[in-house]
Amino acid sequence: MSFHVPIQPQAVRPSEGGLHLPPQEAVTTWFNGDIYATRLRGEQTNGAIGLVEATVPPGGGPAPHVHARTDETFYLVSGELDFLNGEKTFTAGTGDVVFIPRGTTHRFVNAGIQPARLLFVYTPGGAEGLFVEGGDEPQPGVQVQPWGPERIDARMLELLDKYDTGLPPGAP
C-alpha cells in the first residue's frame, strides 16, 4: 500500500536534498521603518525555519510583541540593539546571539547613531510571512520611514494574527 502526500510547490522535498537561494531570491520590504530581506520562508522548508536579514536604522525596531507558537533567535552582524526579553532589558552587540522562546513579549530598538544589522530565525518558520505580505515595496533613493499608528488597521491586525504575532495589552 502506498500513500501520496502532497507537498507545497516550493517546499523542500527530502529526495531533493537541501536548498540554495542566491541573494536576489530574497524578498526585501520596508516594515515600520526597518528594512527586512526575507531570505528563507517557512513554505520553502516544509515549515521548519524562516530566516530574515534586517537593517535597523537609529530609532528603528518593532513594537513589543509576542509569538505564541514560534521561537525567535537573533544574531547581531553589526551594531547594537537594546532588547526587551519578557521583563528584562539589555544591550546586545556585534556577534551576540539572543534567543526568545515562544510566549515571551520582546522587542529591539536601535538607540545608537549607526544602523544595526542582524539575522533572525523563526522556528518553526512562517512568522516571517508578515514582512513579505504586510511590508512596503522599497523606494530607490528614499529613506525608509517608521509607520504611524494609522498603519495598525484591520488588515494589519489580521496579518499579525495570521503570522503568529500578537500585541501586548495596551498596544494600538
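Condition check ((1) among the charged types (D, E, K, R); (2) surrounded by fewer than 16 Cβ atoms within 10 Å (Cβ to Cβ)) across all residues:
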site	(1), (2)
43	yes, no
48	no, yes
77	no, yes
87	yes, yes
101	no, yes
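Can you say whether residue 155 is more than 26 Å from residue 80 (Cα to Cα), surrounded by fewer than 17 Cβ atoms within 10 Å (Cβ to Cβ) and modelled with pLDDT of 95 or more, as far as the supplied structure shows? Yes; evaluated as a whole, the condition is true for this residue.
Taking each residue of segment 67-86 that is touching a residue at least 40 places away in the same chain (Cβ under 8 Å) and in a strand (DSSP E or B) and looking for partners that are among the aliphatic types (A, V, I, L, M) and surrounded by fewer than 15 Cβ atoms within 10 Å (Cβ to Cβ) with beta-carbon atoms closer than 6 Å, six or more apart or interchain, yields 75/97. Only one entry of 38, 28 meets the criterion of being touching an Asp or Glu at 6+ places or on another chain (Cβ under 8 Å) and among the polar types (S, T, N, Q), and that entry is 38. Screening residue 97 against (1) surrounded by 13 or more Cβ atoms within 10 Å (Cβ to Cβ); (2) on the phi < 0 side of the Ramachandran plot; (3) at pLDDT 95 or above leaves a single unmet condition, (1). Residue selection: residue 99 fails the criterion of being under 23 Å from residue 51 (Cβ atoms), in contact with a Leu (Cβ under 8 Å, 6 or more places away or on another chain), aromatic (Phe, Trp, Tyr) and not in a helix (DSSP H, G or I).
The values are calculated or read from the model by the stated rules, or taken from the named source; none is laboratory data. What you see is a predicted model; the values in this text were computed from it and never measured. Glycine gets a Cβ as well: all are built from the backbone with ideal geometry, and neighbour counts include every protein chain shown.
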